[in-house]
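See structure below.
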Amino acid sequence: MNAYELYWGHDALGAPPVLRAIGPGDCFTALAQGYDDFRAMPSYVAFIGLFYAVAGMALASFTSFGDALHLLFPLASGFALVGPFVAIGLYEMSRRRELGQSADWRDAFMALRSPALPAIIALGLVLAAVFLAWMGAAQAIYEALYGDKAPASALAFAADVFATTRGWRLIGIGGFVGFCFAALALCLSVVSFQILLDRDVGVFVAVGTSVRLAMRDPLAVATWGAIVAAGLIVGSLPAFLGLALVMPILGHASWRFYRLAVERDPAREHPAPPLGEATVHPSGVRGKPNSFLFPMRDGG
């Protein structure tokens, strides 16, 4: 993939994505369709959600022993910023199901053989930069209110946050700044990863389409962001274990939201070859499957 294909793609000018008019009701339609995908493929996607649960508990342990208790909430909420990138495998499974192809856990890794993988990684790095900026801002807000001394204990810090003026300032300022970062990430990625997986348009067009959608139908995009945030909060409450169910559902639903928001163009969609077959980039270059990551199916 050359620089032009990375940033623009073959279809960027000749067949740019066309948006549909959507509303808040479409968000709940996408959520219902995502839940249907999850029900059809539960044993295949739960391990992806479990990753979030394990990572969340690991972050909690890390912050407990790393004198960074004040960054526990920013770290946990940061999942929402990078979630669209990590959910690529779930998008691929939903895409294959709607095409009438089989979808098991190995098909989630087929996204790694997508001709758009360099563009997907580049956009993932953008979200990682947003996440790091959020962490830096959270640290700066804490130091401005509390100084550079780490909290002595979780209980003492919680008591200070909820019972003092500076604690409520931390909640208010931190919440507002975090909301701004979340809104930025949402506008950049609400449908951009799905477009890259689906069509050859490049990073600029994918991000531009997401931004256009946010500007055209802000209520629908805001509703979708609220659904995602609510799902993450509910999933995080029981020691992050609920994310093992919430994340797969939200991942599949994000693909369905994309399908409702952007018109399909089957003639220009990336093919979804059976496991073990080479992919074909629009330029005609064939990719060879990795026999370790993508073993042949029985009899294949």
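Numerical summary
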| read-out | value |
| --- | --- |
| Residues (out of contact with any His (no Cβ under 8 Å at 6 or more places or on another chain) and either surrounded by fewer than 24 Cβ atoms within 10 Å (Cβ to Cβ) or not aromatic (Phe, Trp, Tyr) (or both)) located in segment 185-200 | 185, 186, 187, 188, 189, 190, 191, 192, 194, 195, 196 |
| Cβ-Cβ under 8 Å pairs, at least 6 apart or on other chains, segment 169-192 side without any contact (Cβ under 8 Å) to a residue 12 or more places away in the chain and outside any helix (DSSP H, G or I), far side buried (at least 21 other Cβ atoms within 10 Å of the Cβ) and among the charged types (D, E, K, R) | none |
| Residue within segment 201-211 that is in contact (Cβ under 8 Å) with a residue 24 or more places away in the chain, touching a His at 6+ places or on another chain (Cβ under 9 Å) and either crowded, with 23+ Cβ neighbours inside 10 Å or within 23 Å of residue 19 (Cβ to Cβ) (or both) present | yes |
| Yes/no for residue 236 being of a type in the set (S, T, N, Q) and closer than 17 Å to residue 259 by Cβ | no |
| Tabulated pairs, segment 27-55, first on the phi > 0 side of the Ramachandran plot and among the acidic types (Asp, Glu), second at pLDDT 85 or above and surrounded by 14 or more Cβ atoms within 10 Å (Cβ to Cβ), C-beta under 7 angstrom, 6+ apart or interchain | none |
| Matching option when the condition is small (Gly, Ala, Ser) and at pLDDT 85 or above, among 58, 87, 80, 108 | 87 |
| The one condition in (1) crowded, with 20+ Cβ neighbours inside 10 Å; (2) at pLDDT 95 or above that residue 252 fails to fulfil | (2) |
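The values are calculated or read from the model by the stated rules, or taken from the named source; none is laboratory data. Source: prediction; values computed, not measured. Cβ atoms come from the backbone with ideal geometry, glycine included; neighbour counts cover every protein chain shown.
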